[in-house]
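Dropping the structure in here first, questions after.
The values are calculated or read from the model by the stated rules, or taken from the named source; none is laboratory data. Keep in mind that this is a model prediction, so the values were computed, not measured. No Cβ is skipped: glycine too gets one built from the backbone with ideal geometry, and neighbour counts run over all protein chains shown.
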Amino acid sequence: MKRIFRTGFALLMLAAILVLAPAAFAQDTTYGLSDSDFALWSNANATSAAFSSLTLDFTTDVSVVGLDEGGDITVNLVGSSAIDTAGAFSLVVTGDINSGGQAMPVNFEARLVGDMVYFNLGDGNGWMGGQAEDMMSGLGSSFAAGAGLPVDPAALAEGDLSGLMGNEDMMNAMMGLSAIDPSSFIAITRSDADSLAQFNINLSISDLLQDKAILGMLGGQLGGGAEMTDEELQQTGAMLGMMFGQAVLSFDQYVDTSSNLVERSVLTINLPLEMLGGGAGAGVNVVFDIDLTSYNQPVTVEAPAEFTEMPSGS
């Protein structure tokens, strides 16, 4: 079990590194697309990311099977959001979480208006609110401490890289990204439907975890803190490749070729976990479907008429 947790932590660290150092993947490759298709896909993402306002709807379906004696877990959520980069945000999420046959309803709403954050948990206590800077700083620091993260996410969000730059393990890991060839485990294909260009980005978890650079970065965690020999790393890579050979991690994007905007994105994760100690059929399945309903249209987010103010530093 401890080995499973170490593996999970190592994978989370890997995900953080990939997010923190995207420039390491700026290599001359089209991931299997033609030059014109790659240009369409990359330009659509750049154009979409440059929005001043955005509204979207989404659904989230999660199932965790065969991992806990307390029963399986299912999550079914429906939500909507509005974003204005000038300083306005709203999020509404409804649905239910079912664990071991016990259902818990979800009815959550959050708003950002200027420098204030408001949220309503749907528990009958109404709206709570507080200064955005105080609340986010406290949340980030608490999360970092509780999760044992080597850096404070709140500090990173503010552009303070001192914690990251001062962490030797993190810096060595990021330097190792230069040796990674993302085209060896990422493939993109295009197919058109309903006047939209559909791009499927498929990441082979098995191939990723067998990459020598990745194994070098994860070696300390997978070895319980001890350095692993080349032979041990090769054996570990073969083992991880077998464990995650059936895993699926894909991201579908639907691009309107007339507006050059991403209209829909779907993240799919299928992670079989029988070989990591789970029962028969054990695994995690996630489908996160986002419908990007409008770009650069007026967005109105209002503060609730009444709310209970959270104390500073909460």
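Scanning segment 65-83 for residues that are under 13 Å from residue 101 (Cα atoms) and assigned to a strand (DSSP E or B), which turns out modelled with the lowest pLDDT?
The extreme case among them is 65.
Can you pull out the residues in segment 85-101 that are in a strand (DSSP E or B) and of a type in the set (S, T, N, Q)?
Of everything in segment 85-101, those that are in a strand (DSSP E or B) and of a type in the set (S, T, N, Q) turn out to be 90, 94, 98, 99.
For segment 249-268, which positions are farther than 14 Å from residue 45 by Cβ and at pLDDT 90 or above?
Answer for segment 249-268, where residues must be farther than 14 Å from residue 45 by Cβ and at pLDDT 90 or above: 250, 258, 266, 267, 268.
Considering 171, 228, which residue is in a helix (DSSP H, G or I) and either on the phi < 0 side of the Ramachandran plot or modelled with pLDDT under 75 (or both)?
Only one candidate passes the filter, namely 171.
Out of segment 81-113, which residues are under 21 Å from residue 307 (Cα atoms) and without any contact (Cβ under 8 Å) to a residue 40 or more places away in the chain?
Correct list: 81, 87, 91, 92, 93, 94, 106, 107, 108, 109, 110.
Another question about this same structure. Residue 39: surrounded by fewer than 17 Cβ atoms within 10 Å (Cβ to Cβ), assigned to a helix (DSSP H, G or I) and more than 19 Å from the chain's Cα centre (by Cα), yes or no?
yes
A further question on this structure: Within segment 84-122, count every residue that is modelled with pLDDT under 95 and at positive phi.
Residues flagged as modelled with pLDDT under 95 and at positive phi within segment 84-122 amount to 5.
Next question, about the same structure. Could you list, in sequence order, all residues of segment 240-270 that are in contact with a strand residue (DSSP E or B) (Cβ under 6 Å, 6 or more places away or on another chain), outside any strand (DSSP E or B) and surrounded by fewer than 17 Cβ atoms within 10 Å (Cβ to Cβ)?
246, 257
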